[in-house]
1. Which residues' amide hydrogens lie under 5 Å from the amide hydrogen of residue 60, considering only partners 5 or more residues apart or on another chain, with H built in the peptide plane?
2. Sort 47, 133 by Cβ crowding within 10 Å, fewest neighbours at the top.
3. Determine ³J(HN,Hα), in whole Hz, for all residues of segment 138-147 in sequence, where each value follows from phi through the Karplus function 6.51 cos²θ - 1.76 cosθ + 1.60 and θ = phi - 60°; x replaces Gly and Pro.
4. From zero outward in steps of 10 Å, how is the percent of C-alpha pairs of segment 49-219 spread across the bins?
5. Based only on other Cβ atoms within 10 Å, what is the fewest-to-most ordering of 83, 68, 159?
6. Need the full-extension length gain, residue 144 to residue 73, defined as separation in residues times 0.36 nm minus the C-alpha distance. One decimal, nm.
7. For segment 43-114 and segment 130-177, compute the distance between their C-alpha centroids and round to whole Å.
8. Determine ³J(HN,Hα), in whole Hz, for all residues of segment 197-209 in sequence, where each value follows from phi through the Karplus function 6.51 cos²θ - 1.76 cosθ + 1.60 and θ = phi - 60°; x replaces Gly and Pro.
Amino acid sequence: MTFPIMLSALLLASNPATNQPVQKIDTIIKTVHDTVYIDRSREWTEVFGFRYHSPDRDSIWHKPVQFYISKPNCSALATDFYYGDWRPSCNQMTTELLSLATTDDKDLRPFYRWCLTMTIRLSDGCLAEEIGVPARRYAEKYPKEFFEYMDADTTGKKYEQWTDAIFYSGFYDLEEYKTDVSKKLTASMLSNCKDCDEKLKKRIEKFAKDCFQNLNLINK
């Protein structure tokens, strides 16, 4: 059963990631008790790379942010994340936000994918354990779209960030984490790649190997 968010306490605390004074809100989301850090300085949003921090002027995947957040079914979690009203951490809110990247809604998916990428950039400590599975699931479900997204970044940094995220925690939802996950990832992506040509098939195979090229480190 799903319950609305209920605020149960409000007090001053320190964000363990930044050691900066923040507001700490204990919340209940769906039956899960969470601690959510509200960093009023919003300095952490610098990773977004926006010049204006205005939904009418900021752009995500060729559209103004306003295009996404004005839609009635746009997740409030994603909207609040864009505004810097809360910072991802190891909690249920973050899990729910990142799971949105695989939505079937093609209009909102680029916005949710952006939320995932920004969280990958912010990840350290236990947050790094939250990003791998949603990143892997997005690449598996939308392989063609994934490579189009990667190709838009000519620096290659985004590709490296995503492969690192999947390597670190991409198969935490499966029991066979220390088996040949590279082959599993390849098979899953190929199964969702309709009319894949040989070039794309080879890219999928390379991507899976890139994600787990250091697999021996976790198999020891």
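Every read-out reported here was derived from the displayed coordinates using simple, explicitly stated rules and does not represent laboratory data. Predicted model only: the values in this text are computed from it and were never measured. Neighbour counts are summed over all protein chains in view; Cβ atoms, including those assigned to glycine, are modelled from backbone coordinates with ideal geometry.
1. HN-HN under 5 Å from residue 60: 65.
2. Ordered by Cβ neighbours within 10 Å, fewest first: 47, 133.
3. Ordered by residue, 3J(HN,Hα) equals 5, 4, 5, 6, 10, x, 5, 5, 4, 5 Hz.
4. For segment 49-219, the binned pair fractions read 10, 38, 36, 14, 2 percent.
5. 83, 159, 68
6. The residue 144-residue 73 span can extend by a further 23.0 nm.
7. Measuring centre to centre over Cα atoms gives 18 Å.
8. 8, 4, 5, 6, 4, 5, 5, 5, 4, 5, 4, 4, 5
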